1. All but one of (1) in a helix (DSSP H, G or I); (2) modelled with pLDDT of 95 or more hold for residue 111; which doesn't?
2. How many residues does the range 38-76 contain that are in a loop (DSSP other than H, G, I, E, B) and either surrounded by fewer than 21 Cβ atoms within 10 Å (Cβ to Cβ) or acidic (Asp, Glu) (or both)?
3. Tell me which of these residue 106 doesn't satisfy, since it passes every other one: (1) in a loop (DSSP other than H, G, I, E, B); (2) in contact (Cβ under 8 Å) with a residue 24 or more places away in the chain; (3) surrounded by fewer than 20 Cβ atoms within 10 Å (Cβ to Cβ).
4. So which of 57, 150 is modelled with pLDDT of 95 or more, closer than 19 Å to residue 33 by Cβ and under 18 Å from the mean Cα position of the chain (by Cα)?
5. I'm told residue 70 meets every condition in (1) closer than 30 Å to residue 27 by Cβ; (2) at pLDDT 95 or above; (3) in contact with a helix residue (DSSP H, G or I) (Cβ under 8 Å, 6 or more places away or on another chain) except one. Can you identify the failing condition by its number?
6. Of all residues being within 30 Å of residue 27 (Cβ to Cβ) and in contact with a Phe, Trp or Tyr (Cβ under 7 Å, 6 or more places away or on another chain) in the range 109-133, which is surrounded by the most Cβ atoms within 10 Å (Cβ to Cβ)? Just the residue, please.
7. Name the single residue that is surrounded by the fewest Cβ atoms within 10 Å (Cβ to Cβ) among those in the range 134-159 being out of contact with any Phe, Trp or Tyr (no Cβ under 9 Å at 6 or more places or on another chain) and part of a strand (DSSP E or B).
8. Given the conditions (1) surrounded by 16 or more Cβ atoms within 10 Å (Cβ to Cβ); (2) in contact (Cβ under 8 Å) with a residue 60 or more places away in the chain; (3) small (Gly, Ala, Ser), report the number of the one that residue 86 does not fulfil.
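The values are calculated or read from the model by the stated rules, or taken from the named source; none is laboratory data. Fair warning: this is a prediction, and the values are worked out from it, not measured in the lab. Ideal geometry is used to build each Cβ from the backbone, glycine not excepted, and the neighbour counts take in all protein chains shown.
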Amino acid sequence: MRLIFTVGIMLATWLALPGHASAQLPQRPVLTLEAATRIADAAQAEAARNGWNVVIAVVDDGGHLVHLRRMDGTQVGSVAVAQEKAKSAIYFRRPTKAFSDAVASGRTAVLRLPGAIPIEGGIPLAQGNQMVGAIGVSGVTSEQDGQIAAAGIKAFSSR
């Protein structure tokens, strides 16, 4: 029993040595609820300024919902669409407008990409060169959705 205790102490001491710091996972930025709320607030302000009712979805770097806001009077179908736009933007690390533009120029193969939503309104969120999440907006025209999403991105970038 004493031998097991001694080996346990030695192992714990060895693992605590500074030389093992390189074995730890690297630190990376994460999207917080506070940041997601600030993004949604800015997007909602842009929508309200224009008299548009939309759904705003903010997802983390894995495409998981962090914040969802459905403005009064917005159709229920926009809840799923906003989330899918946000997921598409983070999964492919580009705005969903890129897919929309590709389809418009004849690259219909884009329609076969799993999870690629070829409708403007989804934009990834980056901190430095690290993707941390995305915003998706749905409820008005795709161009208007994109304008609202861009307002959310601007609030995130200017912090």
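1. For residue 111, the failing item is (2).
2. Summing the residues that are in a loop (DSSP other than H, G, I, E, B) and either surrounded by fewer than 21 Cβ atoms within 10 Å (Cβ to Cβ) or acidic (Asp, Glu) (or both) in the range 38-76 gives 14.
3. (2)
4. Checking each option against the conditions leaves just 57.
5. (1)
6. 125
7. Selected residue: 138.
8. It is condition (2) that residue 86 fails.
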